[in-house]
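A short worksheet on the structure shown next.
The values are calculated or read from the model by the stated rules, or taken from the named source; none is laboratory data. These numbers come from a predicted model, not from an experiment. Don't worry about glycine lacking a Cβ; one is built from the backbone with ideal geometry, like all the others, and counts go over all protein chains shown.
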Amino acid sequence: MQPFSYVRPSTVQEAVTAFSHAGAGARYIAGGTTLYDMMKLRIEAPASLIDVTAIEELDKIETHSDVLRFGARALMAEVAANEVVARDYPVLAEALSKAASQQLRNMATVGGNLLQRTRCMYFRNGEGVYPCNKREPGSGCAAIGGLDRGQAVLGTSPACTAVSPGDWPVALTAMGASVEVVGPSGSRMIPINDLYLLPGNSPHLEFGLIPGEMITLITVPKNGSARGSTYHKIRDRWSYAFALTSAAVALEIQGSIIRNARIALGGVATRPWRAAEAERVLNGARLTPETALEAGRAAFAGATAGSHNAYKIELGIQTVSDAILIAAERSRS
């Protein structure tokens, strides 16, 4: 393990200042459930760790105004168990409760969870063992033409097919969330869609953050589709597994007509994936099992399979269809 310095500031500004003084080798850390993995795999070798767990204002959970507010240091388990979130925003509670293990959810923060890196076996399989453009830009992508069962079928590029692994970011994408970040140039709000970058020719650039910026707050606007929502996740085993496919769906239905559909996909794309084509199929339509399946097909109309992951397309279509029917049932109750 490479030696590193460690500081534990008590305010956001102190943390940003510490990062500026430490330089490019600094990293913010809260629960540590992702960064420690990256350090053990020698993907990350920070010269300085800035521990934000003493910053009290970052752990707030506010649910009573017209916008939900989750401090970046709020624990995944605490947000999932919040009475208002669990009752009125099942898509958010389910995305958190279906992620990782209970032990990890008791440590991991909702802000840090947004910055998870891929589970691609070539990315994680040791420095210098396989070419990986995320680890070493320009070295190539061993997953293309290799063992790609878990790789993405949407948003891929000739440089990378690594899947975005998160559940929570998918639910936030469906709900139109935004993220507040603070850095050396001040604070700004980023729509959740702009936090994640497509791989293109630069897959090592994954997040739309300026060096030194830290996530401080997640906001979710309240809307009429929230109660009729679900996060439907398909995986190899029931617990502690990443999604093969997943769908976050929220529906607002009047009579039998869908007035507002919000859909995002997980486990199948290089970033949390808003399924705008599927939403267009549903909006203004009468809900039937056939309509739900049509929306599923629309969600994967642009999918491209590799050698071993074509199953994700059909499985993803059915996942979206099932999630739509689950959300519809909840919207009526």
Original post:
Among the residues of segment 22-65, which ones are over 26 Å from A80 (Cα atoms), among the hydrophobic types (A, V, I, L, M, F, W, C) and either over 21 Å from the mean Cα position of the chain (by Cα) or not in a loop (DSSP other than H, G, I, E, B) (or both)?
Top reply: A22, A24, A26, M39, L41, A45, A47, L49, I50
Subject >> Matching residues, segment 254-279, being surrounded by fewer than 21 Cβ atoms within 10 Å (Cβ to Cβ) and not acidic (D, E) >> reply: Q254, G255, S256, I257, R259, N260, A276
**OP:** Considering every residue within segment 201-209, establish whether at least one is buried (at least 24 other Cβ atoms within 10 Å of the Cβ), under 17 Å from the mean Cα position of the chain (by Cα), outside the structural domain of A295 (by TED's automatic domain parsing) and touching a residue at least 12 places away in the same chain (Cβ under 8 Å).
**Re:** yes
**OP:** Just name the residue that is farthest from P131 (Cα to Cα) out of those in segment 153-207 that are of a type in the set (S, T, N, Q) and not in a loop (DSSP other than H, G, I, E, B).
**Re:** S187
**OP:** From A171, A177, grab the single residue that is over 25 Å from I313 (Cβ atoms) and touching a residue at least 24 places away in the same chain (Cβ under 8 Å).
**Re:** A177
Original post:
Taking the stated definitions as given, is G111 touching a Ser or Thr at 6+ places or on another chain (Cβ under 9 Å) and either surrounded by 24 or more Cβ atoms within 10 Å (Cβ to Cβ) or of a type in the set (A, V, I, L, M) (or both)?
Top reply: yes
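Yes/no per residue for (1) within 21 Å of the chain's Cα centre (by Cα); (2) β-branched (V, I, T); (3) assigned by TED's automatic domain parsing to the domain that holds Y28:
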site: Y89; (1), (2), (3): yes, no, no
site: Q102; (1), (2), (3): yes, no, no
site: Y122; (1), (2), (3): yes, no, no
site: G128; (1), (2), (3): no, no, no
site: K134; (1), (2), (3): yes, no, no
site: C141; (1), (2), (3): no, no, no
site: L154; (1), (2), (3): yes, no, no
site: T161; (1), (2), (3): yes, yes, no
Subject >> Y130 vs. criteria aromatic (F, W, Y), crowded, with 16+ Cβ neighbours inside 10 Å and more than 23 Å from R262 (Cα to Cα) >> reply: yes
**OP:** Quick one: in segment 94-108, of everything that is assigned to a helix (DSSP H, G or I) and without any contact (Cβ under 8 Å) to a residue 60 or more places away in the chain, which residue is surrounded by the most Cβ atoms within 10 Å (Cβ to Cβ)?
**Re:** R105
